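Each reported figure results from applying straightforward, stated rules to the coordinates on display, with no laboratory input. Treat the numbers as computed from the prediction; the structure is a model and nothing was measured. No Cβ is skipped: glycine too gets one built from the backbone with ideal geometry, and neighbour counts run over all protein chains shown.
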Amino acid sequence: MNKSFYTIFKTFFKVGTMLLGGGYVILPLLQSELVEKKEWINSDELVEYYALSQSVPGIIAANISVFTGYKLKGFIGAIAAILGVITPAFLAIILLASLLQTLVSMNIVQNIFWGVGIGVIMLLYLATKEMWNKSITDKFTCVVFITTFIMSACFKTSPALIIICAIIAGILYRSNLFEHLKKMIGGENDLS
């Protein structure tokens, strides 16, 4: 598949034109464009880029486009992808800035925004479903999800602290430290 500067720009420009609901709705759009149509990345890579994009400062859509563009064609690909995804919003702001007050007060525009809101809710559902299928895969990830949900919803814990705790838990889990602790606590040290 062609991975030229122009092709990367055009693909992300197309995604940028459909990106009305923010970073959360980009996942189904990118799944369709990058994974299914272009086959530039696989769905696991997309979910990893999405998770990483939420962990670094900046706009989620822009961060995902940079990571994907960099994977495709290095620094030039990252530039093409970021320019592609931000150009539609930039052009829309310039074109609509002077007409904004008039447009917002029109009934037809209010109806359009209502319809877009319903579409965004559906895209959020699809993004959540995609992340759920790729993220909650075993008992450990389920426990991490429940713990982080309770920390966030009930105790109003800082998202930064939740992310740091989840990272530490993942590192400990992957390094099999939990297994060593379980063996030590369970008394499986054989001295015979």
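According to the Cα gyration tensor, what semi-axes, each the square root of 5 times an eigenvalue, does the equivalent ellipsoid of segment 26-130 have, listed from largest to smallest in whole Å?
29, 18, 11
Treating the angle as unsigned and between 0 and 90°, give the value, to the nearest 10°, between the Cα long axis of helix 5-18 and the longest Cα principal axis of the chain.
So the inclination is approximately 90 degrees.
Sum -39500 (n - 2.57) across every DSSP H segment of at least 4 residues in the chain, then divide by the residue count to get the 222 nm mean residue ellipticity, nearest 500.
-25000 deg cm²/dmol
Can you tell me the orientation of helix 60-96 relative to the chain, as the angle in degrees between its alpha-carbon axis and the longest Cα principal axis, to the nearest 10?
In the chain, helix 60-96 runs at an angle near 40 degrees to the longest axis.
Take the Cα gyration tensor of the chain, multiply each eigenvalue by 5, square-root it, and list the three semi-axes largest first, rounded to whole angstrom.
Whole-Å semi-axes of the equivalent ellipsoid: 40, 22, 14.
Are there GluC sites (Glu not before Pro) in segment 1-84 that DSSP puts in a loop and that have at most 13 other Cβ atoms within 10 Å, and which ones?
Of the GluC sites (Glu not before Pro), the ones in loops of segment 1-84 whose Cβ has at most 13 other Cβ atoms within 10 Å are E39.
Tell me which trypsin sites (Lys or Arg not before Pro) from segment 85-169 have a DSSP coil assignment and no more than 12 other beta carbons within 10 Å of their own.
Those satisfying the criteria are K156.
Identify which of F75, F12, F149 has the largest mean-square fluctuation in a Gaussian network model of the chain, with springs joining Cα atoms closer than 10 Å.
Fluctuation is largest for F149.
Per residue of segment 155-164, what does 6.51 cos²θ - 1.76 cosθ + 1.60 with θ = phi - 60° give for ³J(HN,Hα)? Whole Hz please, x for Gly and Pro, Karplus curve as stated.
Taking θ as phi minus 60°, the curve returns 9, 6, 5, 4, x, 4, 5, 4, 5, 4 Hz for segment 155-164.
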